[in-house]
Amino acid sequence: MFDLDWFPKWNRENPKDVFGPAIIIGAVGGAVLVAALIITWGNPAETSTMQTGPRGSGMGVVELVANREAVDPTVEAYTSDAPYAPEEGDALAKDVYKNVQVLGDVTEDNFDRMMASITAWVSPDEGCAYCHGDDETYAKDDLYTKVVARRMIQMTQLINEEYEGHVAPAGVNCYTCHRGEAIPSDIWFKRSPVLQNVSGWSANQNFATLQSSSTSLPTDALEQYLLGDETISVHDLEPRASNEGTAAIQNAERTYSLMNYYANSLGVNCTFCHNTRAFYDGEQVTPQWAVANEARAMVQDINNDYLVPLKDAYPANRLGPRHSDAPKAACKTCHKGVYKPLGGMDMISDWPELATTETPVYE
């Protein structure tokens, strides 16, 4: 009788690997397809390196070309108007309007131009009412937003006047931080101690926060270094060094937390400021190291002299969730992940009113 099981029996006695060749053919075909797409559309992972140190030292900032060439929507949304050249006899804002405590020596036309632009930069949806109320009684100081805005104008003038080493030549204006939002992104509040009932170092870390860049590093780095004046330092470079007179391990971890925040805020790596073979040596750093140091002093000033003192002006819903503290600024508030805010766009040439605490100079 004819054996109907001969074929299964033959397969069992003569096994063949049909999956291996199929996998190989599929992998080769996939690779060919990917190569064809890269040739046609370009390499999506192509990088560009900005050299920050001597050749061969590995000091460079690597960036995806796609990210570098991506259009920042906030850049396209920026609006600016050239100033009106003052002429003899022009009316000044302080003589035309009531209760002009800032920008009073600006001509009426330039004052109006500035108010219109601040509205576009800070409250495009809310309009003038955001600071002046629905009844448009401009002289009143009833709204906290007007009180804060007045102080922010003074802060902007200080930054452009006193910290040219950090912000020049682009300068800053309200849009640098606000980007069309009434509340700037990437502000911060105090978070330490995170756990009120835990003593010791564990109360300051192992929590995903903006301050720690969502790492297990300490959450109080911004508070200690950009509000307070704690020295940025790590433990002794010698092994088994005594703790006396040196930074504790906790201080080193807090320093790493701050450096991680710096890098993420500017979209760079350590070699943007440091020589990787000598992080501790101030004579082997890049020029950006000095710029970053001035930035730290600037942020400390604006936090302590301008932002923190406004606490009593804010309503409760604008204060920090843990300590009811005023919102504060740090690197990312302006930089938004790029080392030149808004790509280095000129933010001050059209706004001599924001360039100085003195009477503006029009060229």
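The values are calculated or read from the model by the stated rules, or taken from the named source; none is laboratory data. What you see is a predicted model; the values in this text were computed from it and never measured. Counting neighbours? That spans all protein chains shown, and the Cβs are built from the backbone with ideal geometry, glycine included.
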- request: For the stretch 3-10, indicate whether the set of residues that are in contact (Cβ under 8 Å) with a residue 40 or more places away in the chain, outside any helix (DSSP H, G or I) and more than 30 Å from PHE272 (Cβ to Cβ) is non-empty.
  value: no
field: Criterion: touching a residue at least 12 places away in the same chain (Cβ under 8 Å), farther than 22 Å from PRO193 by Cα and assigned to a loop (DSSP other than H, G, I, E, B) - qualifying residue of VAL285, VAL291
entry: VAL285
field: Criterion (exposed (fewer than 10 other Cβ atoms within 10 Å of the Cβ), over 30 Å from ALA278 (Cβ atoms), within 48 Å of the chain's Cα centre (by Cα) and among the hydrophobic types (A, V, I, L, M, F, W, C)) met by exactly one of ALA45, ALA31
entry: ALA45
- prompt: Quick one: how many residues across the stretch 269-296 are in contact with a helix residue (DSSP H, G or I) (Cβ under 8 Å, 6 or more places away or on another chain) and not basic (Lys, Arg)?
  reply: 15
message: Return the pair list, or none, for Cβ contacts closer than 9 Å from residues in the stretch 131-148 that are over 17 Å from ALA120 (Cα atoms) to residues that are surrounded by fewer than 15 Cβ atoms within 10 Å (Cβ to Cβ) and of a type in the set (Asp, Glu), at least 6 apart or on different chains.
response: VAL147/ASP141
Residues (under 18 Å from LYS146 (Cα atoms) and surrounded by 14 or more Cβ atoms within 10 Å (Cβ to Cβ)) located in the stretch 303-321: TYR306, LEU307, VAL308, LEU310, LYS311, ALA313, TYR314, ARG318, LEU319
message: Considering only the stretch 75-89, I want to know if a residue exists there that is in the same structural domain as ASN110 (by TED's automatic domain parsing), surrounded by fewer than 11 Cβ atoms within 10 Å (Cβ to Cβ), on the phi > 0 side of the Ramachandran plot and of a type in the set (Gly, Ala, Ser).
response: yes
query: Which one of SER233, SER192, SER212, SER216 is more than 22 Å from ALA77 (Cα to Cα), at pLDDT below 95, surrounded by fewer than 14 Cβ atoms within 10 Å (Cβ to Cβ) and among the hydroxyl-bearing types (Ser, Thr, Tyr)?
result: SER216
- prompt: Any idea how many residues of the stretch 246-269 are more than 16 Å from the chain's Cα centre (by Cα) and not aromatic (Phe, Trp, Tyr)?
  reply: 10
message: Step by step: first the residues of the stretch 277-297, then only those that are of a type in the set (A, V, I, L, M) and within 20 Å of LYS332 (Cα to Cα), then the one that is surrounded by the most Cβ atoms within 10 Å (Cβ to Cβ). Which residue is that?
response: ALA295
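Taking VAL102 as the residue in question, decide whether it is surrounded by 17 or more Cβ atoms within 10 Å (Cβ to Cβ) and more than 23 Å from CYS334 (Cβ to Cβ).
Values: surrounded by 17 or more Cβ atoms within 10 Å (Cβ to Cβ): yes; more than 23 Å from CYS334 (Cβ to Cβ): no.
No.
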- request: Just need a number here: residues in the stretch 85-141 that are more than 21 Å from THR357 (Cβ to Cβ) and of a type in the set (Phe, Trp, Tyr).
  value: 2
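Is it true that THR52 is outside the structural domain of LEU266 (by TED's automatic domain parsing) and touching a strand residue (DSSP E or B) at 6+ places or on another chain (Cβ under 9 Å)? Step through it out loud before you land on a result.
Numbers: outside the structural domain of LEU266 (by TED's automatic domain parsing): yes; touching a strand residue (DSSP E or B) at 6+ places or on another chain (Cβ under 9 Å): yes.
In short, yes.
Could you identify the single residue in VAL62, VAL75 that is in a helix (DSSP H, G or I) and within 20 Å of VAL338 (Cβ to Cβ)? If you could, list the steps in order and put the result at the bottom.
Values: VAL62 fails: in a helix (DSSP H, G or I).
Within the list VAL62, VAL75, the selection yields VAL75.
Which residues, taken from the stretch 105-123, are over 15 Å from CYS177 (Cβ atoms) and either out of contact with any helix residue (DSSP H, G or I) (no Cβ under 9 Å at 6 or more places or on another chain) or not in a loop (DSSP other than H, G, I, E, B) (or both)?
Here is the first cut: in the stretch 105-123, the ones over 15 Å from CYS177 (Cβ atoms) are 105-116, 119.
Passing the criteria: THR107, GLU108, ASP109, ASN110, PHE111, ASP112, ARG113, MET114, MET115, ALA116, THR119.
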message: Please determine whether any residue of the stretch 152-165 is hydroxyl-bearing (Ser, Thr, Tyr) and over 21 Å from the mean Cα position of the chain (by Cα).
response: no
message: Give me the residue from the stretch 236-266 that is at pLDDT 85 or above and in contact with a Pro (Cβ under 8 Å, 6 or more places away or on another chain) and, out of that set, surrounded by the fewest Cβ atoms within 10 Å (Cβ to Cβ).
response: GLU253
- prompt: Does GLY267 count as more than 30 Å from TYR314 (Cα to Cα) and in contact (Cβ under 8 Å) with a residue 60 or more places away in the chain?
  reply: yes
